[in-house]
Amino acid sequence: MEKASVLYLDNLRKNELNATILENCHREKFSEIQREEQHLKPDEIEHMNELKKDYSIKPFLTKNVFKRKNVVFFAGLEATGHHLLLNAFERSCATMKTNSSNNWVSASEILTYYVQGPLRFNFEFLSESSAHSSLFINEMKLLENGNATMTILNSIPPCNVKLAQTLSYPNGVIKRYKRHPDLRYLAELFEKNNMDLRVVLMTRKTEPILISTCIKRKFGDFSVQSEVLTYQANMLLSQLQNLDSRFITGCFQIDSKNISDQLSFIDEKMFNRKRLFSDIIMPTFNLRADSCVDLRDIQSAYLEEFYRINYVLRNLCIFINKNK
């Protein structure tokens, strides 16, 4: 590696890692993960670049629909908090049974049904069929007519039902470069049908994402995972590029010391200071970092690119919260 590149990575690493965690954690090598290395093939890279280009040339989408009831989508890379949300909302089912006024309802079974295709949870299957999308919207409107203030699109379990598809970037373990939500299409669809879509962006520091996906869940080695996540982060940013910023209600970083304040900020913007997110999520919040990544075990080109794009996402999160 060139000297400048080494310094760049060293500085990023110092900013991203807690020194105490580094001293106490157990280092694990990516070679211990029994996964065959599978980098994207040239045709797969071309496919991703074409998708990115398609999103970037779409016209700017202005947000005109603002209602008391919201449809909420949590947008973020995998390992940025989707399973935290799933566990938190599952816990709230117990309290809802004794509360007659339910604040939220899950649309996850509806959305996951309508994005079923040749490749599971393929959003092109929804966006390419107007008849399919009409049925989806009809079911969403039925939920909107209920008592809930918030309808969640990600796979948050209805009471006594457990769903595993959280609709992160990427979503699933097969053909991962292809499997991601189409936030731009969802925004356009809800806006067209007079429904108020709100997006909550989720971010996390780079190395904990790799720890979670490579070591804990064994999705692949660090090099391959860095490449896949780089493309997925580009997809997410491309989809956000021409969306009115008013679609994005707020952002939280799962490993931030200020996560409670960030959730309270979202509550204030979306629910008029009622502590819905804060009261649901914070009681179950327990984030631990019990292992760390040795940068020497990672191909530098893929890692450096993922650091850069994730740094952009995290700065976007800060910008969103400062300018709302």
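The values are calculated or read from the model by the stated rules, or taken from the named source; none is laboratory data. Just so you know, these numbers come straight off a predicted model, no measurement behind them. Here the Cβ positions follow ideal geometry from the backbone for every residue, glycine too, while neighbour counts run over all protein chains shown. What goes into the accessible areas is simple: the full protein's heavy atoms, side chains included, and nothing from ligands, DNA or RNA. Shrake-Rupley method; radii C 1.70, N 1.55, O 1.52, S 1.80 Å.
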>> Just the residues that are over 24 Å from F319 (Cα atoms) and either of a type in the set (D, E) or not in a helix (DSSP H, G or I) (or both), please, taken from the range 199-218.
In response: R217, K218
> Residues of the range 200-254 being closer than 22 Å to N70 by Cα, β-branched (V, I, T) and modelled with pLDDT under 90, which ones?
Replying inline: T249
>> Is it the case, given these coordinates, that N103 is open to solvent by 60 Å² or more (accessible area, probe 1.4 Å), at pLDDT below 80 and in contact with a helix residue (DSSP H, G or I) (Cβ under 9 Å, 6 or more places away or on another chain)?
In response: yes
>> Any residue in the range 255-267 that is open to solvent by 10 Å² or more (accessible area, probe 1.4 Å) sitting within a Cβ distance under 7 Å of a residue that is in a helix (DSSP H, G or I)? List the pairs, counting only those 6 or more apart or interchain.
In response: D255/P208; S256/Q262; S260/S278; S260/M282; Q262/N321; S264/S278; F265/N321
> What are the residues in the range 118-133 that are exposed (fewer than 14 other Cβ atoms within 10 Å of the Cβ) and either at pLDDT 90 or above or of a type in the set (F, W, Y) (or both), if any?
Replying inline: none
> What single numbered condition from (1) at pLDDT below 90; (2) touching a helix residue (DSSP H, G or I) at 6+ places or on another chain (Cβ under 8 Å); (3) within 30 Å of S133 (Cα to Cα); (4) not β-branched (V, I, T) fails to hold for K269?
Replying inline: (2)
>> Within the range 60-100, take every residue that is among the hydroxyl-bearing types (S, T, Y) and modelled with pLDDT of 70 or more and give me the one that is surrounded by the most Cβ atoms within 10 Å (Cβ to Cβ).
In response: T80
>> For the range 240-271, give me each residue that is touching a Phe, Trp or Tyr at 6+ places or on another chain (Cβ under 7 Å) and in a helix (DSSP H, G or I).
In response: Q241, I259, Q262, L263, I266, D267
> For the range 179-198, what are the residues that are of a type outside the set (A, V, I, L, M), under 26 Å from E44 (Cα atoms) and assigned to a helix (DSSP H, G or I)?
Replying inline: R184, Y185
>> Kindly evaluate Q241 against the criterion of being open to solvent by 10 Å² or more (accessible area, probe 1.4 Å) and more than 18 Å from Y307 (Cβ to Cβ).
In response: yes
>> So, in the range 199-220, how many residues would count as being open to solvent by 10 Å² or more (accessible area, probe 1.4 Å) and either in contact with a Phe, Trp or Tyr (Cβ under 7 Å, 6 or more places away or on another chain) or among the small types (G, A, S) (or both)?
In response: 1
